[in-house]
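Each remark here refers to the structure printed beneath this line.
The values are calculated or read from the model by the stated rules, or taken from the named source; none is laboratory data. Owing to the predicted nature of the structure, the values given are computational and were not obtained by experimental measurement. As a convention, Cβ positions derive from the backbone with ideal geometry for all residues, glycine included, and neighbour counts pool all protein chains shown. Keep in mind that these areas ignore ligands, DNA and RNA; they rest on the heavy atoms of the full protein, side chains included. Shrake-Rupley method; radii C 1.70, N 1.55, O 1.52, S 1.80 Å.
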Number of protein chains: 2
Amino acid sequence: MWQLYQFPLCPFSRKVRLLLAEKGVGYEPVRESPWLRRDEFLDMNPAGQTPVMIDTERGGMPLIDSAAICEYFEETVEKASMINGTAANRAEIRRLVAWFDTQFFREITAPLLEERMVKRLVHRMTPDAGMLREAMKAAVGHLDYIDYLLDHRTWLAGATMSLADLAAAAQISVADYLGGIDWKSHEQAKRWYVGMKSRPSFRPLLAERMEVISPPADYEKLDL
Amino acid sequence: MWQLYQFPLCPFSRKVRLLLAEKGVGYEPVRESPWLRRDEFLDMNPAGQTPVMIDTERGGMPLIDSAAICEYFEETVEKASMINGTAANRAEIRRLVAWFDTQFFREITAPLLEERMVKRLVHRMTPDAGMLREAMKAAVGHLDYIDYLLDHRTWLAGATMSLADLAAAAQISVADYLGGIDWKSHEQAKRWYVGMKSRPSFRPLLAERMEVISPPADYEKLDL
């Protein structure tokens, strides 16, 4: 049995969870709060970040780093390939995954998590309004980019759904939970995201709650 | 013919260049200074980062993001596989590549590039001594980790050389150029790095110079 160390608002764990659900791989979620820097967790992953996966039956080294974990399940589980097509298609998928994991995370998800989650749970401070405004402004730019991609393609990286869609939806869903997304004048991105939200792989994630912090009213809704 | 947009101290371009050299893939380096945020470059890569690769004969989309580029050449060029072994081995290689590309870069290479290169070339400022000290302290921790890995393995990710070794050596070589590496009491890491430096794939990188900034005297030396 696979165990997945994660917390409900970890966007990288969400990406992995979406992939596992699409592929039909079962796992037991184990709650880990990386900001507590628990010794046993650091021994497992010196980078101190979720997600980490452990095969409790077969043992072996833990799987660490969400990109490495996704590649592992792409290589070992044939069903629902999410890094598909020619080498050039696959490069485009991986470029966009890196885009959302790095740029979107750094500009939007990370500051929202810091201001609205870590400050509240750990430091008992109020969020910095300037930082929140910056993140929400950056989100508009990223939704513009998604609109642009969808002008040319059915899914973010091409003609079929891919890990790029899962990575983007994972980041957006956390930003949305934290009140950072305004869909106004982003009809295409919104339609795409409602499509992602309605997938069976996505519903369980949307039903989960982070302690203390509540999402906006339309967070789970399919008619935004 | 492949063109590779890069600058001499870009650690991610160095990783790609080492891979291309090991695989025997020819390319023409094109100088790009991402901090200038040139419009034509941003049109090509909205993330604004090097490396970017273009196939000038066959056209098609540019290859963007160093991890995606490395996977592309792993998939299309059989020679000198650098993401090799079982799925678990490959996950460990990718974990370590992400470790050096993310943790090592953030704690060491990025601050050294900012303080010793960007401040000098762009802002005409002197480096912040506190930031440099922090980066050099972090480097000691990372060399300890490399020593630890080499206690158990011949190469960083296992029994054979892999992309993990190229990624680590690429980051270290830039940090070393910028005076951030002290090999004292890191005999194992030093022996491994001298082995990397002596490879034909590495020699051309070490011979290049960044304008204005000179490396320390032993930067190219094989007897540290």
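Screening B:Glu57 on (1) over 18 Å from the mean Cα position of the chain (by Cα); (2) in contact (Cβ under 8 Å) with a residue 60 or more places away in the chain shows it passes everything except condition (2).
Suppose the filter is assigned by TED's automatic domain parsing to the domain that holds A:Ser201 and touching a Phe, Trp or Tyr at 6+ places or on another chain (Cβ under 7 Å); does A:Ala47 pass it? The answer is no for A:Ala47. Does A:Gly48 qualify as being in contact with a helix residue (DSSP H, G or I) (Cβ under 8 Å, 6 or more places away or on another chain), of a type outside the set (Ser, Thr, Tyr), in a loop (DSSP other than H, G, I, E, B) and within 14 Å of chain B (Cβ to nearest Cβ)? In short, yes. Any residue at all in the range B:28-35 that is part of a helix (DSSP H, G or I), out of contact with any Gly (no Cβ under 8 Å at 6 or more places or on another chain) and either within 9 Å of chain A (Cβ to nearest Cβ) or under 18 Å from B:Ser201 (Cα atoms) (or both)? Among the residues of the range B:28-35, not one is part of a helix (DSSP H, G or I), out of contact with any Gly (no Cβ under 8 Å at 6 or more places or on another chain) and either within 9 Å of chain A (Cβ to nearest Cβ) or under 18 Å from B:Ser201 (Cα atoms) (or both), which makes the answer no.
When only residues in the range A:55-81 that are more than 21 Å from B:Ser66 (Cα to Cα) and of a type in the set (Asp, Glu) count, which is nearest to the other protein chains (Cβ to nearest Cβ)? For the range A:55-81, the residue satisfying everything is A:Asp55.
A quick yes/no check of all residues on (1) part of a loop (DSSP other than H, G, I, E, B); (2) open to solvent by less than 30 Å² (accessible area, probe 1.4 Å); (3) closer than 20 Å to A:Ile108 by Cβ; (4) in contact with a Lys or Arg (Cβ under 8 Å, 6 or more places away or on another chain):
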site	(1), (2), (3), (4)
A:Ala175	no, yes, yes, no
A:Ser185	yes, no, yes, no
A:Met196	no, yes, yes, no
A:Pro200	yes, no, no, no
A:Glu211	yes, no, no, no
A:Asp218	yes, no, yes, no
A:Lys221	yes, no, no, no
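Open to solvent by less than 30 Å² (accessible area, probe 1.4 Å), assigned to a helix (DSSP H, G or I), within 14 Å of another protein chain (Cβ to nearest Cβ) and under 22 Å from A:Thr86 (Cα atoms), is that true of B:Phe100? It is false that B:Phe100 is open to solvent by less than 30 Å² (accessible area, probe 1.4 Å), assigned to a helix (DSSP H, G or I), within 14 Å of another protein chain (Cβ to nearest Cβ) and under 22 Å from A:Thr86 (Cα atoms).
Tell me, please, whether a residue that is open to solvent by 10 Å² or more (accessible area, probe 1.4 Å), on the phi > 0 side of the Ramachandran plot and modelled with pLDDT under 95 can be found in the range A:144-160. So far as the range A:144-160 goes, no, none of its residues is open to solvent by 10 Å² or more (accessible area, probe 1.4 Å), on the phi > 0 side of the Ramachandran plot and modelled with pLDDT under 95.
Among the residues of the range A:51-74, those that are under 18 Å from A:Gly26 (Cβ atoms) and assigned to a helix (DSSP H, G or I) comprise A:Ile69, A:Cys70, A:Tyr72, A:Phe73, A:Glu74.
Looking at B:Asn84, B:Asn89, just one residue is on the phi < 0 side of the Ramachandran plot, polar (S, T, N, Q), touching a residue at least 24 places away in the same chain (Cβ under 8 Å) and out of contact with any strand residue (DSSP E or B) (no Cβ under 8 Å at 6 or more places or on another chain), and that residue is B:Asn84.
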